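Trainee: Take a look at this one; I'll ask things after.
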């Protein structure tokens, strides 16, 4: 698996940032898939997301000041994908960080995982921009 990290400072309080985040909103903010169904479970939230005939499940765990989520099973674009989003006060605003690890599970892994992390980085940057606009 390859990893990517992005972050952005926003002029909003952590409380304001927390209000614009939810599992479905995060899927939407990334911009590659649309949330189709959200199911609250005892240990987290499952979002069924889809685009162009592809459908996948994402499992979200909420914690103080963030979420951790991963692709469920092998029905998505990745063999494995897990992402963490955190936010914390910084100066007179908030620092939002997104860290993700992905693998396509295809050979040659060095090349295909590099492409996967490049695509994932673009999704994370798009999400940060959408979060900032939502504030």
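Trainee: Among the residues of segment 51-63, how many are touching a residue at least 12 places away in the same chain (Cβ under 8 Å) and over 18 Å from residue 120 (Cβ atoms)? Let's see the steps before the verdict.
Mentor: Let us first name the residues in segment 51-63 that are touching a residue at least 12 places away in the same chain (Cβ under 8 Å), namely 51, 54-62.
Adding the requirement that they be over 18 Å from residue 120 (Cβ atoms) leaves 55, 61-62.
The total comes to 3.
Trainee: While we're here: Scan segment 63-82 residue by residue and report those that are over 29 Å from residue 107 (Cβ atoms), exposed (fewer than 15 other Cβ atoms within 10 Å of the Cβ) and touching a strand residue (DSSP E or B) at 6+ places or on another chain (Cβ under 9 Å).
Mentor: Narrowing segment 63-82 to residues over 29 Å from residue 107 (Cβ atoms): 63-67.
Still in the running and exposed (fewer than 15 other Cβ atoms within 10 Å of the Cβ): 63-64.
Passing the criteria: only 63.
Trainee: Also, quick follow-up: Exactly one condition in (1) in contact with a strand residue (DSSP E or B) (Cβ under 8 Å, 6 or more places away or on another chain); (2) under 16 Å from residue 121 (Cα atoms); (3) in contact (Cβ under 8 Å) with a residue 24 or more places away in the chain is not met by residue 29; state its number.
Mentor: Tallying (1) in contact with a strand residue (DSSP E or B) (Cβ under 8 Å, 6 or more places away or on another chain); (2) under 16 Å from residue 121 (Cα atoms); (3) in contact (Cβ under 8 Å) with a residue 24 or more places away in the chain, residue 29 fails exactly one: (1).
Trainee: Tell me, please, whether a residue that is touching a helix residue (DSSP H, G or I) at 6+ places or on another chain (Cβ under 7 Å) and at pLDDT 95 or above can be found in segment 48-55. I'd like the intermediate steps shown before the answer.
Mentor: Here is the first cut: in segment 48-55, the ones touching a helix residue (DSSP H, G or I) at 6+ places or on another chain (Cβ under 7 Å) are 49.
Retained after the next criterion (residues that are at pLDDT 95 or above): 49.
Yes; the residues of segment 48-55 include at least one that is touching a helix residue (DSSP H, G or I) at 6+ places or on another chain (Cβ under 7 Å) and at pLDDT 95 or above.
Trainee: Here's a follow-up. Would you check if there is a residue in segment 89-99 being in a strand (DSSP E or B), surrounded by fewer than 15 Cβ atoms within 10 Å (Cβ to Cβ) and in contact (Cβ under 8 Å) with a residue 60 or more places away in the chain? Can you show your working first?
Mentor: Residues of segment 89-99 in a strand (DSSP E or B): 89-90, 93-99.
Next, only the ones that are surrounded by fewer than 15 Cβ atoms within 10 Å (Cβ to Cβ) stay: 89-90.
Pick out the ones that are also in contact (Cβ under 8 Å) with a residue 60 or more places away in the chain and you get 89-90.
Yes: one or more hits.
Trainee: Anything in segment 65-85 that is more than 9 Å from residue 102 (Cβ to Cβ) and in contact (Cβ under 8 Å) with a residue 60 or more places away in the chain? List them, or say none.
Mentor: 85
Trainee: Could we say that residue 111 is more than 24 Å from residue 14 (Cβ to Cβ), crowded, with 20+ Cβ neighbours inside 10 Å and free of Cβ contacts under 8 Å to residues at least 60 places away in the same chain here?
Mentor: On the way: more than 24 Å from residue 14 (Cβ to Cβ): yes; crowded, with 20+ Cβ neighbours inside 10 Å: no; free of Cβ contacts under 8 Å to residues at least 60 places away in the same chain: yes.
It is false that residue 111 is more than 24 Å from residue 14 (Cβ to Cβ), crowded, with 20+ Cβ neighbours inside 10 Å and free of Cβ contacts under 8 Å to residues at least 60 places away in the same chain.
The values are calculated or read from the model by the stated rules, or taken from the named source; none is laboratory data. Just so it is clear, the structure is predicted and the values come from calculations on it, not from any experiment. In this analysis, Cβ positions are derived from the backbone assuming ideal geometry, glycine residues included, and neighbour counts consider all displayed protein chains.
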